[in-house]
1. Taking the alpha-carbon distance from Lys275 and a cut-off under 12 Å, which aspartates and glutamates remain once sequence neighbours fewer than 8 residues away in the same chain are dropped?
2. With the Cα gyration tensor of region 245-291 in hand, convert its eigenvalues to equivalent ellipsoid semi-axes via √(5λ) and list them largest first in whole Å.
3. No other cysteine beta carbon under 4.7 Å away is the test; run it over the chain and list who passes.
4. At what distance in angstrom do the alpha carbon centres of region 16-45 and region 404-466 lie from each other?
5. Skipping prolines and chain starts, which residues have an amide H placed within reach, meaning under 5 Å, of the one on Arg13, given they are 5 or more residues away or on another chain?
6. Suppose every Lys and Arg Cβ carries +1 and every Asp and Glu Cβ carries -1, with no other charges. What dipole size does the chain come out with about its Cα centre, to the nearest 20 debye?
7. Using the Kirkwood radius over Cα pairs, work out the Stokes-Einstein diffusion coefficient for region 62-149 at 25 °C and 0.890 mPa s, in µm²/s as a whole number.
8. Give the Kirkwood hydrodynamic radius (Å, one decimal) of region 231-309, defined as one over the mean of 1/r across all pairs of different Cα atoms.
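Derivation of every value follows stated rules applied to the coordinates shown; laboratory data play no part. As the structure is a prediction and not an experimental result, all values here were calculated from the model. Positions of Cβ are backbone-derived with ideal geometry, glycine not excepted, and every protein chain shown enters the neighbour counts.
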Amino acid sequence: MSDTSTLGPVRVRYAPSPTGDPHVGNLRTALLNWVFARHAGGQFIVRIEDTDRERMVDGAEDRILEALKWLGLDWDEGPGVGGPYAPYVQSERKALGVYAEAARQLIDNGHAYECTCTPERLDQVRQQQRAKKKPTGYDGYCRNKSADELAAEKAGGLASVVRFKVPLEGEVVFNDVLRGPLTFDPSLLQDFVILKSDGYPTYHLAHIVDDHEMGITHVLRSEEWISSTPRHMMMYEGFGWEPPAFVHLSILLGPDRSKLSKRHGDTALLEFRDKGFLPGTMFNFLSLLGWSAGDDEEVMTREQIVEKFSLDGLNSAPSIFDITKLEWMNGVYLRQLPVETLAEMLIPELEARDGLPESIARPLDRDYVTSLVPLVHERLKVVDRAELSEMLSYFFQDEIDLDPAEVVQKGMDEAVTASALESAALALESAESFEAEPLEEQFRALCVELDLKPRQLFGALRVSLTARKVAPPLFDTMVALGRGRSVDRVRRAAALLSGAGTRERTVS
Ligand code: GLU
């Protein structure tokens with residue numbers, strides 16, 4: 001393996017097929033290509049591989065480009081940007097005759113041939129192979145057909161495809177940058193289609209032609225393509241072209257070590273965006289799937305990742321897509337954000353229809369939200385509407401849904417609790433400085449005075465103020481709520497306990 005500093009100009013590509021919502025594994029490939037290109041001062045090219053017309057999904061190309069942009073993976077050549085090898089969409093290249101011409105070149109130099117076998121014949125062949133328990137595949141029927149015979153069949157209306165002539169002997173060897181030399185026996189492969197009857201190339205032909213024409217130096221792609229690479233090597237040889245370096249990236253597994261799939265939860269990249277993950281987190285997290293900087297650093301900026309990247313740091317062992325780690329990392333990134341930035345992110349989520357309860361008036365006071373951010377900053381893992389709303393709604397509500405039974409703490413009864421809360425309300429009213437630290441001091445002293453443990457008094461206060469057993473630090477919460485609201489809520493809880501004692505609504 002060579003260090004990237006000794007490399008010549010690097011040109012890499014990300015070549016997605018618009019067949020669905022872009023998958024995290026697919027974007028991991030894009031990202032490592034991008035990082036490699038940026039590290040080496042090379043070019044990152046995006047090419048849309050849309051030759052499998054049946055598998056095309058409407059809107060998928062846009063989603064792919066959107067995902068790239070969201071991750072900040074800008075491309076030097078490709079859709080919307082252009083470049084010296086435009087167009088960068090294979091269907092457009094097909095219209096220019098690029099692939100038909102390449103297939104013709106292989107026919108002319110004896111490495112490919114036209115095949116007029118009908119689907120019925122191919123099916124028959126397969127059935128016979130199965131009956132004889134032989135591997136199924138094309139039997140080479142048209143391999144040695146004369147030009148006249150072929151011309152007559154085509155004139156008679158038979159459709160034709162172009163097949164690559166797999167050498168009958170020898171072996172195929174290619175060097176995978178991560179795995180070293182890999183050897184394959186070509187006799188296990190049958191003559192495969194490179195140009196379909198509708199004139200569209202198959203993936204095998206199209207990507208080789210484009211990688212060659214676009215001057216791609218390194219192909220970083222998923223391990224799943226290793227088994228196709230012998231075909232690609234034979235084609236490079238057939239064309240007489242120098243193949244690029246192949247770097248097959250590790251496969252992604254779920255935490256149970258099975259192949260990462262929908263079963264493990266979200267796998268579409270943009271779903272993570274929609275769930276409140278930050279692009280910086282996603283970038284960092286994806287970069288570590290199959291690569292490490294060689295130190296123990298895990299949280300790195302994109303600049304650090306680019307700087308530290310080398311092909312040597314890639315690992316061929318499977319990588320685990322660990323959502324718990326992703327959430328942890330997102331928490332780290334969220335905590336790094338300035339309070340104001342985070343507030344700007346939270347406001348639209350809280351104001352959304354499925355954010356805070358409808359009874360809370362919008363627009364929210366921006367300064368007020370900013371003052372609340374430090375209270376939840378530590379606990380945030382993702383910017384999730386429902387979770388945020390649950391964490392913060394009581395700061396905005398005039399009414400909180402209080403269960404008096406929850407106010408009463410262990411070792412206290414309703415009467416003791418009510419009177420402690422009355423004293424607390426007085427203390428809040430008379431507090432000289434309505435700041436967290438002096439308030440805490442004052443309330444610790446009150447505990448001593450009332451012969452209560454802090455756990456008891458603070459617990460009762462927490463529920464009275466928030467209607468929750470778990471909430472941000474108590475005295476910060478009081479400060480954020482403000483003196484008036486805090487006093488009202490505590491008094492209301494006391495009244496509930498000394499009065500009805502049954503569950504009812506309090507108005508603060
Ligand atoms: N269009 C192929 C894919 O999405 C590209 C594979 C390759 O990188 O060669 O998966």
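1. Those aspartates and glutamates meeting the cut-off are Asp266, Glu327, Glu349, Asp384, Glu387.
2. Working: eigenvalues 80, 53, 16 Å².
In descending order the semi-axes read 20, 16, 9 Å.
3. Cys117, Cys447
4. 57 Å
5. Ile45, Leu220
6. Working: 57 positive and 80 negative charges, 307 e Å.
In debye, rounded to 20, the chain gives about 1480.
7. 142 µm²/s
8. Values: mean 1/r = 0.0638 Å⁻¹.
So the Kirkwood estimate lands at 15.7 Å.
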